[in-house]
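The values are calculated or read from the model by the stated rules, or taken from the named source; none is laboratory data. No experiment lies behind these values; they were computed from the predicted model shown. Glycine gets a Cβ as well: all are built from the backbone with ideal geometry, and neighbour counts include every protein chain shown. Areas reflect the complete protein model, heavy atoms only, side chains present, ligands, DNA and RNA absent. Shrake-Rupley method; radii C 1.70, N 1.55, O 1.52, S 1.80 Å.
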Amino acid sequence: MTVVLLAHSFVVFSVTVSPPLAQAQTALRVAYLIPGSNKEPFWLSAASFAQAAADDLGFILEVHYAFNDGRKLLEIGKDVANRPKDKPNYIIFHNYEGAAPYIMNEIERNNLYGFVVGTGLSENVRQTVKGPREKFKSWLGEIKVDNVGGGNMLAKLLFRAAFERGLTSASGRYTMALVNGSAGDSAAQDRQEGAILASKEYYRGEIISRSIADWSRIKARAIAARAFEKNPTTPMYWVANDLMALGILDTFERTRRIPGQDTLIGCFNWSPWALQAVANNQIEYVLGGHFIHAGAALVMLFDHSRGTDFRDKGLSQVARYGLVTKTNVKAVYQRMIKNDYSSIDFRKFSRVLNPNWQDYSFDALTYLSEVR
């Protein structure tokens, strides 16, 4: 069922937010509100990366999971912002199923600071709340993922690979099955929009089916089985996350199609098993790296807390997905398999602690190069 939280009925509070907590003597508390589950590898990586950053930068980090429920995410945001003691100084959160403006209201009312990572606000909502530090003075900034660009990139890579290998369907076209995650998740819809644009731009490119598997390996397995029965020669599968890609691989183990040879699969999220599938020639491309953005935000918030605002570098940062193929999968896999980022020195990315560092980084490969 699609949960739509966002309407135009939310109230924008006008609250004077205190200046940055310069040279804080006590550890500041940060709450990270995760829309997904603590069983999903992507969110476990995001939490682990943020914890490593918090440890280095002296923050007390608390992580809350909403288990893919937009209403639960909003409920957590309200509880965290309104609790009588041990309030966080900063709240990092996602705009999952339109929850962000409502969480911003709670942050503003309680004189806290907020930072959005992941999917940006829709254009309709931006007409009301504008950008960071406009209607919501406590909304310090955002790191947005270019989801349309990511979906477009993955589709084009698959179309090009199919062309180079002469993989067409029975109709002679380069046909693609698209398996998405959630009808209510704007990130998933933006990625899908990018893929559809690619199919229109690519000669003889065509998306012949679009399915929703709710980020589930089991549901993706069933969808792939039905798709195979209907169109057994479909050469490409564009998949919105790693778990669903594994479900598709499960199905193809029981068919005569061979992923990596006559069937190409591309997906999102750098989980160890998705990376292993790339190394085994079962998955062609994996886009990811966006699990780092809460950790990158903590670097910016550290500088903010020490009196160095990041306004001059931009309040709305747009991050692009990193690409893993057979050429670089070994290096990325070795750095992610343990899900331990404690060897990264996050302080070197701070402008306060490293004056020679000019710009903030939102590139996962830059951070992972520090993993030992």
Subject >> Members of segment 205-226 that are assigned to a helix (DSSP H, G or I) and open to solvent by less than 20 Å² (accessible area, probe 1.4 Å) >> reply: Ala220, Ile223, Ala224
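Please go through segment 350-372 and pick out each residue that is more than 15 Å from Ser48 (Cβ to Cβ), open to solvent by less than 60 Å² (accessible area, probe 1.4 Å) and within 21 Å of the chain's Cα centre (by Cα). Spell out the reasoning first.
The initial filter retains those residues of segment 350-372 that are more than 15 Å from Ser48 (Cβ to Cβ), namely 350-363, 365-366, 369, 372.
After this cut, where a residue has to be open to solvent by less than 60 Å² (accessible area, probe 1.4 Å) as well, the list is 350-352, 354, 360-362, 366, 369.
The answer is Tyr360, Ser361, Phe362, Thr366, Ser369.
Looking at segment 318-331, which of the residues that are more than 21 Å from Gly118 (Cα to Cα) and not basic (Lys, Arg) is surrounded by the fewest Cβ atoms within 10 Å (Cβ to Cβ)? Break it down into steps so the answer makes sense when it comes.
The first filter runs over segment 318-331 and keeps only residues more than 21 Å from Gly118 (Cα to Cα), leaving 325-331.
After this cut, where a residue has to be not basic (Lys, Arg) as well, the list is 325, 327-329, 331.
Details: Thr325: 15, Thr327: 9, Asn328: 14, Val329: 20, Ala331: 14.
If we take residues in segment 318-331 being more than 21 Å from Gly118 (Cα to Cα) and not basic (Lys, Arg), then Thr327 is surrounded by the fewest Cβ atoms within 10 Å (Cβ to Cβ).
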Original post:
Pick from segment 260-270 the residues that are over 19 Å from Ala319 (Cβ atoms) and surrounded by 22 or more Cβ atoms within 10 Å (Cβ to Cβ): which of them is modelled with the lowest pLDDT?
Top reply: Thr263
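Could you list, in sequence order, the residues of segment 31-60 that are part of a strand (DSSP E or B) and in contact (Cβ under 8 Å) with a residue 40 or more places away in the chain? Working first, answer last.
Filtering segment 31-60 down to residues part of a strand (DSSP E or B) leaves 31-34, 60.
If the condition is that a residue be part of a strand (DSSP E or B) and in contact (Cβ under 8 Å) with a residue 40 or more places away in the chain, then Ala31, Tyr32, Leu33, Ile34 are the ones that fit.
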Original post:
Could you give every pair whose Cβ atoms fall below 6 Å, whose first residue belongs to segment 345-359 and is farther than 23 Å from Arg372 by Cα and modelled with pLDDT of 95 or more, and whose second residue is among the basic types (Lys, Arg) and open to solvent by 50 Å² or more (accessible area, probe 1.4 Å), counting only separations of at least 6 or pairs across chains?
Top reply: Val352/Arg306
Original post:
Of all residues in segment 30-50, which are open to solvent by less than 10 Å² (accessible area, probe 1.4 Å), modelled with pLDDT of 95 or more and among the small types (Gly, Ala, Ser)?
Top reply: Ala31, Ala46, Ala50
Subject >> Criterion violated by Arg191 - all others in (1) more than 21 Å from Leu287 (Cα to Cα); (2) of a type in the set (Lys, Arg); (3) open to solvent by less than 30 Å² (accessible area, probe 1.4 Å) satisfied >> reply: (1)
Original post:
Which ones in segment 326-337 are over 15 Å from Phe291 (Cα atoms) and of a type outside the set (A, V, I, L, M)?
Top reply: Lys326, Thr327, Asn328, Lys330, Gln334
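To keep it simple, each residue is scored yes or no on (1) of a type in the set (Val, Ile, Thr); (2) open to solvent by less than 10 Å² (accessible area, probe 1.4 Å).
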{"residue": "Phe228", "(1), (2)": "no, no"}
{"residue": "Ile248", "(1), (2)": "yes, yes"}
{"residue": "Asn281", "(1), (2)": "no, no"}
{"residue": "Val286", "(1), (2)": "yes, yes"}
{"residue": "Ile292", "(1), (2)": "yes, yes"}
{"residue": "Gly295", "(1), (2)": "no, yes"}
{"residue": "His304", "(1), (2)": "no, yes"}
{"residue": "Ser316", "(1), (2)": "no, no"}
